[in-house]
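**Q** Quick one: the structure is below, questions incoming.
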Amino acid sequence: MIKAKHLLAVAGLIGTLTFPVTANAQKTTAKATGKQPVDFVNPYVGAISHMLVPCYPTTHLPHSMMRVFPVRQDYTTNRIGGLPLIVTHHRSASSFNFYPYQGPESGISPSAQLSYDQESIKPYRFGVYLDEANVAVDFAPSHQSAVYKISFEKAEAPYLIFNAGRGGQIKASGSVISGYRDLGNKTKVYLYAETDVPTSKSGVPARGSVTWGESGSALAVAFPAGTRKVGMRYGVSFISEAQAKKNLNREIKTFDVAAVAAVGRKIWNDELGKIAVSGAVDKETSVFYTSLYRTLERPIVISEDGQYFSAADGQVHSDEGHPFSTDDWSWDTYRAAHPLRVLTDKKEEVDVLRSYILMSKQNGTNWLPNFPTISGDDRAMNSNHFIGSFMDAYAKGLRGFDLADAYKAGKGSVDDKSLLPWSRGLNSGELDAFYKEKGYMPALKPGEKETVKEVHGWEKRQPIAVTLGTSYDEWCLSQMAAALGKTDEANHYLKASYNYRNVFNPKTGFFHPKDKEGKFIEPLDYRTSGGVGAREYYDENNGYVYRWDVQHNIGDLVSLVGGNQKFIDGLEQMFNEPIPGSRWDFYAILPDHTGNVGMFSMANEPSFHIPYLYNYAGAPWRTQKRIRSLLDQWYRNDLMGIPGDEDGGGMTSFVVFSQMGFYPVTPGSPTYNIGSPCFPYVKMNLGGGKYFEIKARDASFTNKYIQSAKLNGKVWDKPWFHHSDIANGGVLELVMGPIANKQWGISSPPPSAAAMPN
């Protein structure tokens, strides 16, 4: 979140920059290694994808509008398609980009592919050498502005060629370059830039020529012959060009890239340093802080001088003293990214949740957003899991947002909006009415054609994923209703939260799609059935993963499967079930189902809580064993060190929690499961002078098993703890060893949902 102290630091760039080496929460890490937390961040982790979208090595400040990554097809190329100015969507190229050029005007075109080398990317600074052009580039961001230094080695007159893309306009006057790009849905991003060398002329480039004196979606600006260095500082805005200029003038008053980078480095150390870790090898520390850096990218704050543009209604609003956020993906981030913020930055989480209530009022439907982006709500995936984020924050004591408003918007998202996947703007229809009457989403029989026109042609019905996900959402609604004193509604939603039982097949122990007559679909292979992405029945993952997707009531799931031993056996079977046939055939059907350990998919979000489920069946040692092996196998300090789509902090927040040694299996329940810490010492700053410490004596990859535990000085024999145990600060002490203590924690499983009302 953009803190006042950060803005003051940015505003004071003229003059001497002196900062303390570390904040208090960083001392443990720095003392042990000689490094600060940001020094462990490797933005290139995951830059080469196993199958799908890679992680982009992004330069930005935490939760800031200004973020950039190289404009290129993928990391393995040695060419970039220009230099970025601002990225407004995680899978898009820069909304504006530019490239430097020297040579005859006949060589100028609106865009170019540039050969590069010596690239260096840090969270707070980006540099690259364009080896064919003989041009060096240096860059550093602030929150809503940034600065470039472009150094030309040749003596010829230099040019900068800007591209605002389709729907964009850009112009130049003297040393000022400005413009906008239309992002759709009444949303524009504006640019205001100043160079430290006045331009000599500007014009619209075409392939092989420039029409000087004109402006358009691309612009070439020339500088006097002999110019060897050009500095460019610029601001961006979603409100106006004038606001972009204000943002620049408020944050950056220099063309000194190193000075801006120094401020950014301190901001990163302050944020990363809220969690200090020590005692492990650098590899594990790098994975930890790189994961935390990824988690801190989203959502982004779009308040500009107390105002923000909302794509929900296309209007500019006052933020009334609460920074407004967007660019968040509920299906991914409710699991761990939001619960992490509940611990490390309560005010920030409250402001984020307030933003989503405001969006629900602005969008004209009173539905919570699902995948809010800069240009509007994508309504991606299935379910409405921000309901879980609201309940999680409230259950853990956060206030400052209106629970009644959140409940009303959550109800609308489940009762009035269509439950169909990717249902942008759709009201409830016939399949929703079927769900409300029968308690499950019906599947089509093999060969049966879709007749409900609202069903997405690619995403299909996803009946098991929708039924299970909505059951969880309705459990969260039941908790919200109870907190508001709405007893009848609480009982209604609590009863509905058991709808997962309606698609449980007692003969197989799996959640099994049913047709509209209530008959299980046959034949069915839980490994591969359901078409591409298993979307005809599940979503992105197969039946083995969705077998465990009852986050709110694992205790009931243990009973459904047949008790502790059968539950454990089922988990073990999943981890050991081989891929059927060839891997290429399997991944042609399930390309998102990567990071495989048997039928478990470490690369996809519905799997993240699964390794912790042994805690519910009397085998915590198996959770400890599995978590450490999964972290070691799939999260590494290298180019392929992330097994799947990182998805806005959805995956990396799982890593942050799991490396610390605990995890919020059920967002909405004020409880945490204990796993196996990677570090002998963790100190988390909870704010207000309160800290949660984890002291794991002798912890290492070998010593991954808990031998005994104490919580706040008391002997602890539970594989979980309550949020209230640590809310005011606390100490979890663990004695670790190489051989499992199979008796520790077996008699007190974590809590599950209340009994279903009659």
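**Q** With viscosity set to 1.002 mPa s and temperature to 20 °C, compute the Stokes-Einstein D of the chain, Rh being the Kirkwood radius across alpha carbon pairs; µm²/s, no decimals.
**A** Rounded to a whole number, D works out at 79 µm²/s.
**Q** Further question: Provide the per-residue ³J(HN,Hα) series for segment 153-163, in order, calculated from phi with Karplus coefficients 6.51, -1.76, 1.60 and θ = phi - 60°, each as a whole number of Hz, with x at glycine and proline positions.
**A** 8, 7, 8, 5, 4, x, 10, 10, 10, 9, 9
**Q** Placing unit charges on C-beta atoms (Lys and Arg positive, Asp and Glu negative, everything else neutral), compute the dipole magnitude of the chain about its Cα centre in debye, rounded to 20.
**A** 1240
**Q** Same structure again: Do any of LYS695/LYS718; LYS495/LYS519; LYS283/LYS396; LYS417/LYS445; LYS417/LYS460; LYS347/LYS460 go past 27 Å between their Cα atoms, and which?
**A** Checking Cα-Cα distances, LYS283/LYS396; LYS347/LYS460 exceed 27 Å.
**Q** If I model a spin label as a point 7 Å beyond the Cα along the Cα-Cβ vector, how far apart are those points for ASN728 and ARG228 in nm?
**A** Label at ASN728, label at ARG228, 6.5 nm between them.
**Q** Same structure again: Grab the Cα-Cα distance for ASP416 and GLN743, subtract it from 0.36 nm times how many residues apart they are, and report the gain in nm with one decimal.
**A** 112.9 nm
**Q** Right, next: Ratio of segment 465-591's C-alpha Rg to 2.2 N^0.38 Å, to two decimals?
**A** In units of the globular-protein estimate, segment 465-591 measures up at 1.17.
**Q** Just to verify a number: FRET efficiency for GLU153 and ASP638, C-beta to C-beta distance, R0 = 30 Å, to 0.05?
**A** Given R0 = 30 Å and the Cβ-Cβ separation, E is 0.35.
**Q** Of the options TYR672, GLN633, GLN565, report the single residue whose Cα projects farthest towards the positive end of the charge dipole of segment 275-737 (beta-carbon charges: Lys, Arg +1; Asp, Glu -1).
**A** It is GLN565.
**Q** For GLY729, what is the net charge nearby, where nearby means another residue's Cβ is under 13 Å from its Cβ and Lys, Arg count +1, Asp, Glu -1?
**A** So the surrounding residues net to 0.
**Q** Write down Rg/Rh for segment 176-309, rounded to two decimals, with Rg from the C-alpha atoms and Rh from the Kirkwood relation over Cα pairs.
**A** Ratio of gyration radius to Kirkwood radius for segment 176-309: 1.08.
**Q** May I ask you to compute the full-extension gain from ASN758 to ALA482, defined as 0.36 nm times their residue separation minus their alpha-carbon distance, rounded to one decimal in nm?
**A** Result for the pair: 97.7 nm of gain on full extension.
**Q** Right, next: What is the Cα radius of gyration of segment 113-226 over 2.2 N^0.38 Å, N being its residue count?
**A** 1.13
**Q** Now for a separate question. With a Förster radius of 41 Å, plug the Cβ-Cβ distance of GLU105 and THR254 into 1/(1 + (r/R0)^6) and report the FRET value to the nearest 0.05.
**A** Between GLU105 and THR254 the formula returns 0.80.
**Q** Be a star and scan segment 217-233 for residues whose amide nitrogen sits under 16 Å from the point 7 Å along the Cα-to-Cβ vector of ASP196.
**A** Hits in segment 217-233 for ASP196 at 16 Å: 224, 227-233.
**Q** Positive end of the charge dipole of the chain (Lys, Arg +1 and Asp, Glu -1 on Cβ, about the Cα centre): tell me which of MET381, PRO70, VAL455 has its Cα farthest that way.
**A** PRO70
**Q** Assuming 0.36 nm per residue, please report the length gained on full extension of the stretch TYR587 to ASN427 beyond their Cα-Cα distance.
**A** Taking 0.36 nm per residue and subtracting the Cα distance, the gain is 54.2 nm.
**Q** Could you tell me the largest-minus-smallest coordinate of the C-alpha atoms of segment 677-750 on each of the three principal axes, in descending order and whole angstroms?
**A** Sorted largest first, the three principal extents are 39, 26, 18 Å.
**Q** Could you give the longest part of the chain that holds none of the chymotrypsin sites (Phe, Trp or Tyr not before Pro) found in DSSP loops with at most 15 neighbouring Cβ atoms within 10 Å?
**A** Value returned for the longest uninterrupted segment is 1-457.
**Q** When Lys and Arg each count +1 and Asp and Glu each count -1, what net charge do the other residues less than 12 Å away from SER559, Cβ to Cβ, add up to?
**A** +1
**Q** Looking at segment 423-461, which GluC sites (Glu not before Pro) are DSSP coil and have at most 15 other C-beta atoms within 10 Å of their C-beta?
**A** The qualifying sites are GLU448, GLU450, GLU454.
**Q** How much net charge surrounds VAL550 when only the other residues with a Cβ under 11 Å from the Cβ of VAL550 are counted, with Lys and Arg +1 and Asp and Glu -1?
**A** 0
**Q** While we're here: Which value, in debye to the nearest 20, gives the size of the charge dipole of segment 301-402 about its Cα centre, when Lys and Arg are +1 and Asp and Glu are -1 at the Cβ?
**A** Rounded to the nearest 20 debye, it is 420 debye.
**Q** I'd like to know which of SER49, SER310, VAL230 lies farthest towards the positive end of the charge dipole of the chain, counting +1 on Cβ of Lys and Arg and -1 on Cβ of Asp and Glu.
**A** Of the listed residues, the answer is VAL230.
Each value in this text was obtained by applying a stated rule to the coordinates, not by laboratory testing. These figures come from a predicted structure and were not determined experimentally. Quick reminder, even Gly has a Cβ in these numbers, built from the backbone with ideal geometry, and neighbours come from all protein chains shown.
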